[in-house]
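The values are calculated or read from the model by the stated rules, or taken from the named source; none is laboratory data. The model shown is predicted, which means the values in this text are computed figures rather than measured ones. Here Cβ is always computed from backbone atoms with ideal geometry, including for glycine, and neighbour counts include all displayed protein chains.
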Amino acid sequence: MNDDDFKLDIEDEEVYNLKDFEPDGTDYQQNKLSNSLDLIYSLISEEIKTHEKNCIVGIYLKTQETIILKPKGNFFRDFGYSKTLNGNIYVFLNKLESLYLLQRGNLIIYLGNEKFNHYLDGYINNFNVNELYSLNLQHFYSFLCSSDLKKYQVFAYLKRLGYLIKEYDGLKNHPPPIFQIGVQDKSMYQDIFTKGFRDKHYFGYKEIFERLRVIPSAQNFESLQKNYESDFEIHFNVWKPRNNFSKKNLPVPDFMICMVDEFPKINDVYSLLNKVIKPEKKSDTKPKSNKVQTRNNLKKDKEKTERDKERERERERDFKLKNNGRNVILAKVDNGVNFISLSEMDFESVSLY
Amino acid sequence: MILLPVVDNDVLIFDVEVVKELRTHGILGELSGTLASAPQQNNLLGLPLILTVYEILWLVDLGLGKLIDGTKLPVPQIMSPDRHKMINTNKGGSFYHVKYGYTQDQLSNEEISVDKFRCQVNESSYKVFKYLKSKGYWILPGLKFGGTFVAYPGDPILFHSHLIVEPISEVNYLDLVVSGRLATGVKKLFVIGDFEGIEDEDLHKEIKDIEIEGTSIGETESRDTELKDTELKDTELKDTESKNTESKNTESKNTESKNTESGDSISHNIHSIFSIEWAGFG
């Protein structure tokens, strides 16, 4: 968010200089190595500090949530949910969100105690935050179990890139996707004996063959007809950075992320896809190019060969094939975060032949 | 002895000094936190350092580290904002500080058994890890290259990795082809290995043997680091050669006779390390 952050240019420093093939025992190489290491050590030991004006104060409760007394700043566009207690509106953050802000130096977290709970319940009118213990990073990390930690790594990775993230909360805020049997009937058998086939006159074999669907294929959303049992869960809804984002009225997520240890079996994939919020229909129309119709451009268009046009059609077709269905992204933590995108292919409505 | 605080199934390091010390043993871990000075990027991350299961086991088995309960931390300090404020002369106003964590002597002394980590690992993977470590390689998890590990000839910060490593039990013929091709494409060697039939004690003996030879794994504290580095280099050279089927017969000219002997004895005992390459006939 801060422009200065990007100007730090870590890549320009010796940290990410071209690597060598193997140690050659020279002093030059030794120096290079120790310089890089020193730079990294100095960067990672840099203190986390917050200007008092930007600082948010939170109190970690026994419910494993952090209550924010006075929320401010841009982070609350997607972070937390608000709740009214005794006439006051507070924002509650979950562990991942709290830790992200704590580590970034935007939040100070105190450990709540009995007295503070009484204050929240309305038994005490006044409460001074300075009476509480403050938590450092190690303390807060010790509240996280291993699966939380993995989730946090994925969460923080995407947050650092600027994405908006909420934990997946089922399909309740969105219309459930429905499976509709396609316009064309499925099997050849049905084709021949249904009315649709017979209410037309055919004047050649070619037309008949075109009308017959000889290759049966699975349809998008077909897995919704059945309930699949699986341990795989979707963990995050992710949105690209956007202006009109509202926590109360969540738009359809751009990506949905599932944390995995092992690649899912086919039943798990179906179960995951059934939990995916139905993506908004992507418009087929391409953004119109702003090319001015000059004589030169027209000439170029004419010069476009048949082959070029065909290639373009193929590209469009492949795009449709991949993007018409549902999509889920699998994330695995193994020396950094690795993402794999898994999409339903639309062989039914896109004709390849 | 390095204290390794355990939280659930992870070991998290919050002390830069410990990170430095681990690196002298060739233990890299994974930096995972947001960097205070550059919070919107993922190229270089900050504390805490998360250790992999293999690294934890290796540290404990060689007596370099001790697992302790990481959830039992000292009582947090009362932080009145004034005490932690720092006046910034440039812009004015004060700053709050958030500390990373505790130093080694502040941590609890309650030891935790290593068993819960041992049952998480694939045993042959761990043996391969130990073997490569004893050969002086630096090891990182290898999912990005389709293996269990990737092995580097030196600190990964400066050197490219040479090997993609996978225990044989995880490999079928299809994997051989796929990974072998991939490895050739990224100019690495695909190495598969296993220690079936070799008892853990023997492996320890192997590592001990190499220790005597001078790679000083396990004893690094007392040794001069410069000495260590050069000697590591020697064994590495020899090692890559013994793995490289084509150059099996060529001998490294510079290695002393003593080194070659012990090198031979290693290759006699541990014969199940293979390298996969596309043979360039014709």
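Could you check, for the stretch B:110-117, whether at least one of its residues is modelled with pLDDT of 80 or more and closer than 30 Å to A:GLU131 by Cα?
yes
I'd like to verify a number: residues in the stretch B:114-129 that are assigned to a loop (DSSP other than H, G, I, E, B) and among the polar types (S, T, N, Q), how many? Residues flagged as assigned to a loop (DSSP other than H, G, I, E, B) and among the polar types (S, T, N, Q) within the stretch B:114-129 amount to 2. Taking the criterion of being under 25 Å from B:PHE14 (Cα atoms) and more than 9 Å from chain A (Cβ to nearest Cβ), would at least one residue in the stretch B:96-104 satisfy it? Yes: the stretch B:96-104 contains one or more residues that are under 25 Å from B:PHE14 (Cα atoms) and more than 9 Å from chain A (Cβ to nearest Cβ). Pairs linking a residue in the stretch A:320-339 that is among the acidic types (Asp, Glu) to a residue that is in a strand (DSSP E or B), with Cβ atoms under 7 Å and 6 or more positions apart or on different chains, are A:ASP334/B:PRO141. Return yes when A:ASP308 is of a type in the set (D, E, K, R), more than 28 Å from the chain's Cα centre (by Cα), at pLDDT below 80 and outside any loop (DSSP other than H, G, I, E, B) and no when it is not. The answer is no for A:ASP308. Against the list (1) over 23 Å from A:ASN117 (Cβ atoms); (2) within 13 Å of chain B (Cβ to nearest Cβ), the condition A:ASP78 fails is (2). Residues that are at pLDDT below 75 and not in a loop (DSSP other than H, G, I, E, B) within the stretch A:184-208 comprise A:MET188, A:TYR189, A:GLN190, A:ASP191, A:ILE192, A:PHE193, A:LYS195, A:GLY196, A:PHE197, A:ARG198, listed in sequence order.
Checking B:LEU44, B:LEU22 one by one, the residue that is within 11 Å of chain A (Cβ to nearest Cβ) and surrounded by fewer than 23 Cβ atoms within 10 Å (Cβ to Cβ) is B:LEU44 and no other. Considering only residues that are in contact with a helix residue (DSSP H, G or I) (Cβ under 8 Å, 6 or more places away or on another chain) and aromatic (Phe, Trp, Tyr), which ones fall in the stretch B:109-160? Listed by number, the residues that qualify are B:PHE117, B:TYR126, B:PHE129, B:TYR131, B:TYR137, B:PHE145, B:PHE149. Taking the listed residues A:ILE89, A:ILE124, A:ILE48, the one that is among the β-branched types (Val, Ile, Thr) and within 25 Å of A:LYS151 (Cα to Cα) is A:ILE48, with no other qualifying. Taken over the stretch B:130-147, the residue count meeting the criterion of being within 14 Å of another protein chain (Cβ to nearest Cβ) and either in contact (Cβ under 8 Å) with a residue 12 or more places away in the chain or assigned to a loop (DSSP other than H, G, I, E, B) (or both) is 11.
Within the stretch A:130-174, the set of residues being more than 11 Å from every other protein chain (Cβ to nearest Cβ) and surrounded by fewer than 21 Cβ atoms within 10 Å (Cβ to Cβ) comprises A:TYR163, A:LYS166, A:GLU167, A:TYR168, A:ASP169, A:GLY170, A:LEU171, A:LYS172, A:ASN173, A:HIS174.
Scanning the stretch A:119-140 for residues that are closer than 30 Å to A:GLN103 by Cβ and either among the basic types (Lys, Arg) or out of contact with any Pro (no Cβ under 8 Å at 6 or more places or on another chain) (or both) gives A:TYR119, A:LEU120, A:PHE127, A:ASN128, A:VAL129, A:GLU131, A:LEU132, A:PHE140. Can you find a residue that is modelled with pLDDT under 85 and assigned to a helix (DSSP H, G or I) anywhere in the stretch A:225-247? Checked the stretch A:225-247: at least one residue is modelled with pLDDT under 85 and assigned to a helix (DSSP H, G or I). Look at B:PRO74 and say whether it is modelled with pLDDT under 90, in contact with a helix residue (DSSP H, G or I) (Cβ under 6 Å, 6 or more places away or on another chain) and more than 7 Å from chain A (Cβ to nearest Cβ). Judged against the criteria, B:PRO74 is a match. Here A:GLU306 meets each of (1) away from chain B (no Cβ under 14 Å); (2) out of contact with any Phe, Trp or Tyr (no Cβ under 7 Å at 6 or more places or on another chain); (3) surrounded by 12 or more Cβ atoms within 10 Å (Cβ to Cβ) with one exception, condition (3).
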